[in-house]
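Comments concern the structure below.
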Ligand SMILES: [Zn+2]
């Protein structure tokens, strides 16, 4: 971070030419553009939200942009992750986004953090930046980013998306609520589906990511009213924005009056993402393969949508999409073991819970879904 009393960096002639439309704005001007140039922003995730927000931050001239990601670019990312092109499929997201941002604006420094952000590295990385922008798509990283920002006293520009709906806010525990004031504990695993499970309209992260970029620039400029203390809700189908007032929770476990959290935790464990070996409700891909090879008379029920089966399917299965399960549960055999499967193991667990309530027993859910099957048992099954 730049010490508060150090002078703002000067703008070169090419920079003055490039940022002309900013310099004309009285709220930005040359001093504001120098503040943007002095800014150090960390973008967590180079995916749906990270793509548009990093592109706009780079275009705006944010001097130092750190990007954290450890994934590779997949074909199914391109529908919304606009920083990456078709030629980048199969390569790392970090390499792809660094190349794109540097091409967009050679005057900014892009710092790649090709790492899985966790309790061991988050504080050290967050400490290097002025503003943290959360472009993650899972609860474990979201709680990690929130806690790291509270502990390091940094603003956390939050965004999340699912299906046709998005949310954005600015969490800054020094002056307002944090994410845990809103949601003290993560939801039980499987209750909130991921975008991979439930889908997302491709342009939605463009809307929410652009709002996050706007808030980040306002924080660097010290201009306008940010979303501190407000949760912005966006519904793309209705084309409506709503707003919720957020209050700091005096009982918040990390930013409240008597906090119980003083250091980073194990967020995968907190969010129930870690597999439990003893949990008989789940079966691993390898265990399922062994039981099928041994000739056991079990029924594999695939609860995914038809278009997913067209991409990848098991050798033998009964197809009952999750949404049709209430009407078609009667088709399932009652006397045989049933293994439920989906893409990543979330929908199949919901199917299992539903069927248990209907009085079915001898049910298991394939942990990690057909994706785990492809990775661990049969690599000829395409991943998506
Ligand atoms: Zn809080």
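Bear in mind these aren't lab numbers, they're just calculated from the coordinates by the rules spelled out. Everything numeric in this text was worked out from a predicted model, so none of it was measured. No Cβ is skipped: glycine too gets one built from the backbone with ideal geometry, and neighbour counts run over all protein chains shown.
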The distance between the Cα centres of segment 202-216 and segment 234-256, in whole Å, is 17
In cubic angstrom per residue, the convex hull of segment 93-215 built on its Cα atoms measures 128
Expressed in angstrom and rounded, the centroid-to-centroid distance over alpha carbons for segment 286-365 and segment 1-80 is 47
A chain fully extended from residue 294 to residue 280 at 0.36 nm per residue, minus the present Cα-Cα distance, gains in nm 3.1 nm
Most exposed first, judged by fewest Cβ atoms within 10 angstrom, 130, 103 run 103, 130
Distribution output for segment 144-256: share of Cα-Cα pairs per 5 Å bin in percent, first bin at 0, values 2, 12, 19, 22, 21, 15, 7, 1
The whole-number value in µm²/s of the Stokes-Einstein translational diffusion coefficient for segment 284-327, with Rh from the Kirkwood sum over alpha carbon pairs at 25 °C and 0.890 mPa s, is 211
Its Cα gyration tensor gives segment 17-133 an equivalent ellipsoid whose semi-axes in whole Å, largest first, are 26, 18, 10
Dividing the surface of the Cα convex hull of the chain by four yields a projected area in nm² of 21.3
antiparallel share of DSSP beta bridges within the chain, to nearest 5, in %, is 40
The FRET efficiency for residue 354 and residue 120, from their Cβ-Cβ distance with R0 = 35 Å and rounded to 0.05, is 0.35
Normalised Cα Rg of segment 178-223, dividing by 2.2 N^0.38 Å with N its residue count, works out at 1.58
Evaluated at 20 °C and 1.002 mPa s, the Stokes-Einstein D of segment 29-96 based on the Kirkwood radius over Cα pairs, in µm²/s, stands at 170
If R0 = 22 Å, then residue 315 and residue 375, at their Cβ-Cβ distance, give a FRET efficiency to the nearest 0.05 of 0.85
Sorted largest first, the Cα spans of segment 68-132 on the principal axes come out in Å as 34, 29, 17
Summing -39500 (n - 2.57) over every DSSP H run of at least 4 in the chain, dividing by its residue total and rounding to the nearest 500, the 222 nm mean residue ellipticity is -9500 deg cm²/dmol
With no solvent term and unit scatterers on the alpha-carbon positions of segment 327-384, Debye gives log₁₀ I(q)/I(0) at q = 0.15 Å⁻¹ of -0.47
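In square nanometres and to one decimal, what's the mean projected area of the convex hull around the Cα atoms of segment 269-384?
One quarter of the hull surface, i.e. the mean projection, equals 7.4 nm².
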Put in order of increasing Cβ neighbours within 10 Å, starting from the fewest, 239, 244, 349 give 239, 244, 349
The residues 92, 348, 380, sorted from fewest to most surrounding Cβ atoms within 10 Å, come out as 380, 92, 348
Whole-number value, in Å³ per residue, for the convex hull of the alpha carbons of segment 180-316 is 197
proj_area_mean for segment 1-59 (convex hull on C-alpha atoms), units nm², value 4.9
